[in-house]
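Undergrad: Next up is a structure, given as structure tokens.
The values are calculated or read from the model by the stated rules, or taken from the named source; none is laboratory data. Predicted, not measured: the structure shown is a model, and the values here were computed from it. Note that each Cβ is placed from the backbone with ideal geometry, even for glycine, and that neighbours are counted across all protein chains shown.
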Amino acid sequence: MPADLGPLLTATDVHRHFEGMHAVDGVSIEVLPGRLTGLIGPNGAGKSTFLAVLAGTLPASEGSIVFDGEEISPLPAFRRARRGLVRTFQLPSEFAQLTVLENLLAAAPKNRGDSVVGALLGRRYWGADEDALVERARGLLGRFRMIEKENQYAGDLSGGQKRLVEIMRALMLEPRLLLLDEPMAGVHPSIVGEIASYLESLRDEGLTILMVEHQLAIVERLCDPVIVMAQGKVIGRGPLVELRRQREVVDAYLVG
Amino acid sequence: MTFYITTLLVYAAVDIIACIALNMQFGVSGLVNFGFILFQAAGAYTAAVLSLPPQSANGGFQQYVLGLQLPFPLPWIAGAIAGGVVAIPIGLVVLRKLRGDYQAIALLVISIIANIVITNARPFLNGAAGVSLVPPPLADQIGVEAVNTYEYQYFYVVISLLCVGLVLFAANRIANSPYGRSLRAMRENEVAAAALGKNLLAQKLTMFIVGGVMGGLSGAILVGFIGLWAPAGWLYPETIVLFAAIIVGGRGNNWGAILGAILVPVGFFEATRFLPNFGQPGLIPAFQWVAIGSLILGFLWFRPKGVFPERRRTFPNPSAG
């Protein structure tokens, strides 16, 4: 990515209130293209809520979100996803009664059979799109070493495998900004390193990622810059090594 | 005996179409439409008032709107369209803001309200007595005598089964397409589906209309055969019977919906009809409802996926071939 490009996403003074509780209280951040930005903070800091507000899962109470030069805060979640802003979830959110391959295919946009009229016209009409998407999905399954699982129901997978399905599913949309909400949560430690390597390689290919994560070792390895939130506000940003020296950040983690 | 068999076959066709429609909504898309019977009623009433002569024709003993005496198959087509049209305002009200379980409650309530309104607004569709003497298809062309022949009975069975074939074809095309996959994804996890770019409202409303069209057609077929349609025939428990059929047959599988339709609304109610009468009047129907409830509970407990579970979709692998 050329350095003179502006931020891919700019959130300005974003608020999210729940019945008087300020879960997100005036957060402003920039996400630079091609970077894996970390979002850390103690429990209840508002990280996940902020991510949900960015993706449109929750509407913002106030504030502006500009994605690729366009104000997106009035848009519902599905329109943001179609523009390339795709999120994953903290809790497993696989389509349990769909196979792994179907989970990926369900996320794929641009299939002529993905409308009621297209469906009624039959396979002759949409088969070519479908075949191309199956091939692309199998490419991802191969890369994430899940190809033998393609016909398993996603609900029967292990926690770590479900995480991988979610990431692959998001990648099927060819996102321009991937929002990951604790992709290592509930994952066996032996797979954490594997997921980290996948994220590292996606970053190195130029994918822009904003990731909420608790495990500082992972954040240190993958993320630059890192944004620290506490009590709904941003209290620090920069490389993690520098943040470790900031009194306020350390206090928030210890106290929080 | 022939009349009995043809009657059973037409009832089976009607119930199969209704079950496929509800399966597309509930089994495939996850929409708990507790008001489904309303769409069948919309189709039946529409087909009735389009087949009937003007209300003054029979000495004005019944009141209803229209009375256009349209030739077959226009009343059936209009019945199907009516089911879809009714789905639009109801869908927009119910599907936009409410979450799944509240949608189900709202639909149940709408179905009950609609029944009460039709019962009490007599000039519209003749109130509690319902519309009767609905001419069967082609009666005007071939004469009333011809309608009471075996040949006509079998003809009715054939056109009903043709409609079943058409509905099954359309339903399977949708269920087995990429669109069907998007619907199943919505059923499995709405929030995740929206985060992957699925327009949930559009998908739900579309399936509301698709199911409404099929339900409307089923009503049109039934009213053409039995010749009358009254509020007592589309009380909300009728919807529960269809749900029982789908749970028994297999949610998400149209062949399961067909089996369920044959086993529950047709088979079960026909089989129990021949029980010797015992106890007070109304005891056997009451036991029928107990049995339907037990059937739902039993299947959800012991075989939640039904007799024919939704099949696993696999894709041919070129390298393995």
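Undergrad: Quick check on B:Leu200: is it farther than 30 Å from B:Trp76 by Cβ, buried (at least 22 other Cβ atoms within 10 Å of the Cβ) and of a type outside the set (Val, Ile, Thr)?
TA: Against the criterion (farther than 30 Å from B:Trp76 by Cβ, buried (at least 22 other Cβ atoms within 10 Å of the Cβ) and of a type outside the set (Val, Ile, Thr)), B:Leu200 does not qualify.
Undergrad: Can I ask one more? Can you pull out the residues in the range B:277-303 that are within 30 Å of A:Val100 (Cβ to Cβ) and surrounded by fewer than 11 Cβ atoms within 10 Å (Cβ to Cβ)?
TA: Scanning the range B:277-303 gives B:Trp301, B:Phe302.
Undergrad: List pairs: first residue in the range A:142-160 and within 10 Å of chain B (Cβ to nearest Cβ) and touching a residue at least 24 places away in the same chain (Cβ under 8 Å), second residue assigned to a loop (DSSP other than H, G, I, E, B) and among the small types (Gly, Ala, Ser) anywhere in the structure, Cβ distance under 6 angstrom, at least six positions apart or on different chains.
TA: A:Ala154/A:Ala96; A:Gly155/A:Ala96
Undergrad: In this structure, is B:Gly165 in contact with a Leu (Cβ under 7 Å, 6 or more places away or on another chain), within 25 Å of B:Ala261 (Cβ to Cβ) and more than 10 Å from chain A (Cβ to nearest Cβ)?
TA: The answer is no for B:Gly165.
Undergrad: Out of curiosity, is A:Val192 of a type in the set (Val, Ile, Thr) and over 22 Å from A:Thr99 (Cα atoms)? Give the derivation first.
TA: Working: of a type in the set (Val, Ile, Thr): yes; over 22 Å from A:Thr99 (Cα atoms): yes.
It is true that A:Val192 is of a type in the set (Val, Ile, Thr) and over 22 Å from A:Thr99 (Cα atoms).
Undergrad: Among the residues of the range A:42-78, how many are among the aromatic types (Phe, Trp, Tyr), touching a residue at least 24 places away in the same chain (Cβ under 8 Å) and not in a strand (DSSP E or B)?
TA: 1
Undergrad: Which of the residues belonging to the range A:86-126 are in contact (Cβ under 8 Å) with a residue 12 or more places away in the chain, more than 7 Å from every other protein chain (Cβ to nearest Cβ) and not hydrophobic (A, V, I, L, M, F, W, C)?
TA: Once the filter is applied, which keeps residues that are in contact (Cβ under 8 Å) with a residue 12 or more places away in the chain, more than 7 Å from every other protein chain (Cβ to nearest Cβ) and not hydrophobic (A, V, I, L, M, F, W, C), the range A:86-126 yields A:Thr88, A:Gln90, A:Pro92, A:Glu94, A:Asn103, A:Lys110, A:Arg112, A:Tyr125.
Undergrad: Next up: Could we say that A:Arg163 is at the interface with chain B (Cβ under 8 Å from one of its Cβ atoms) and either within 25 Å of A:Lys47 (Cα to Cα) or in contact with a Ser or Thr (Cβ under 9 Å, 6 or more places away or on another chain) (or both) here?
TA: For A:Arg163, the condition - at the interface with chain B (Cβ under 8 Å from one of its Cβ atoms) and either within 25 Å of A:Lys47 (Cα to Cα) or in contact with a Ser or Thr (Cβ under 9 Å, 6 or more places away or on another chain) (or both) - is not met.
Undergrad: Could you figure out which of (1) over 30 Å from B:Phe315 (Cβ atoms); (2) at pLDDT below 95; (3) surrounded by 18 or more Cβ atoms within 10 Å (Cβ to Cβ) isn't true of A:Phe67?
TA: Here A:Phe67 clears every test but (2).
Undergrad: In the range A:39-57, is there at least one residue being away from every other protein chain (no Cβ under 11 Å), over 27 Å from A:Glu148 (Cβ atoms), surrounded by fewer than 24 Cβ atoms within 10 Å (Cβ to Cβ) and touching a Ser or Thr at 6+ places or on another chain (Cβ under 8 Å)?
TA: no
Undergrad: Quick check on B:Gly197: is it at the interface with chain A (Cβ under 7 Å from one of its Cβ atoms), closer than 30 Å to A:Arg169 by Cα and part of a loop (DSSP other than H, G, I, E, B)?
TA: In short, yes.
Undergrad: Also: Could you list all residues from the range A:79-91 that are surrounded by fewer than 20 Cβ atoms within 10 Å (Cβ to Cβ) and in contact with a helix residue (DSSP H, G or I) (Cβ under 8 Å, 6 or more places away or on another chain)?
TA: A:Gln90 - this is the single residue of the range A:79-91 that is surrounded by fewer than 20 Cβ atoms within 10 Å (Cβ to Cβ) and in contact with a helix residue (DSSP H, G or I) (Cβ under 8 Å, 6 or more places away or on another chain).
Undergrad: Filter the range A:113-153 down to the residues that are of a type in the set (D, E, K, R), more than 12 Å from A:Leu101 (Cβ to Cβ) and in a helix (DSSP H, G or I) and list them by number.
TA: Residues satisfying the conditions are A:Arg123, A:Arg124, A:Asp129, A:Asp131, A:Arg143.
Undergrad: Got a sec? Which of A:Arg163, A:Arg247 is farther than 30 Å from A:Thr99 by Cα and out of contact with any strand residue (DSSP E or B) (no Cβ under 6 Å at 6 or more places or on another chain)?
TA: On the way: A:Arg163 fails: farther than 30 Å from A:Thr99 by Cα.
Of A:Arg163, A:Arg247, the one residue that is farther than 30 Å from A:Thr99 by Cα and out of contact with any strand residue (DSSP E or B) (no Cβ under 6 Å at 6 or more places or on another chain) is A:Arg247.
Undergrad: Condition first: surrounded by fewer than 13 Cβ atoms within 10 Å (Cβ to Cβ), part of a helix (DSSP H, G or I) and among the basic types (Lys, Arg). Can you find one or more residues in the range B:120-127 that meet it?
TA: Within the range B:120-127, not a single residue is surrounded by fewer than 13 Cβ atoms within 10 Å (Cβ to Cβ), part of a helix (DSSP H, G or I) and among the basic types (Lys, Arg).
Matching residues to (1) under 18 Å from B:Phe36 (Cα atoms); (2) assigned to a helix (DSSP H, G or I); (3) within 14 Å of another protein chain (Cβ to nearest Cβ):
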position: B:Tyr102; (1), (2), (3): yes, yes, no
position: B:Pro135; (1), (2), (3): no, no, no
position: B:Gln141; (1), (2), (3): no, yes, no
position: B:Val157; (1), (2), (3): no, yes, no
position: B:Ser160; (1), (2), (3): no, yes, no
position: B:Leu183; (1), (2), (3): no, yes, yes
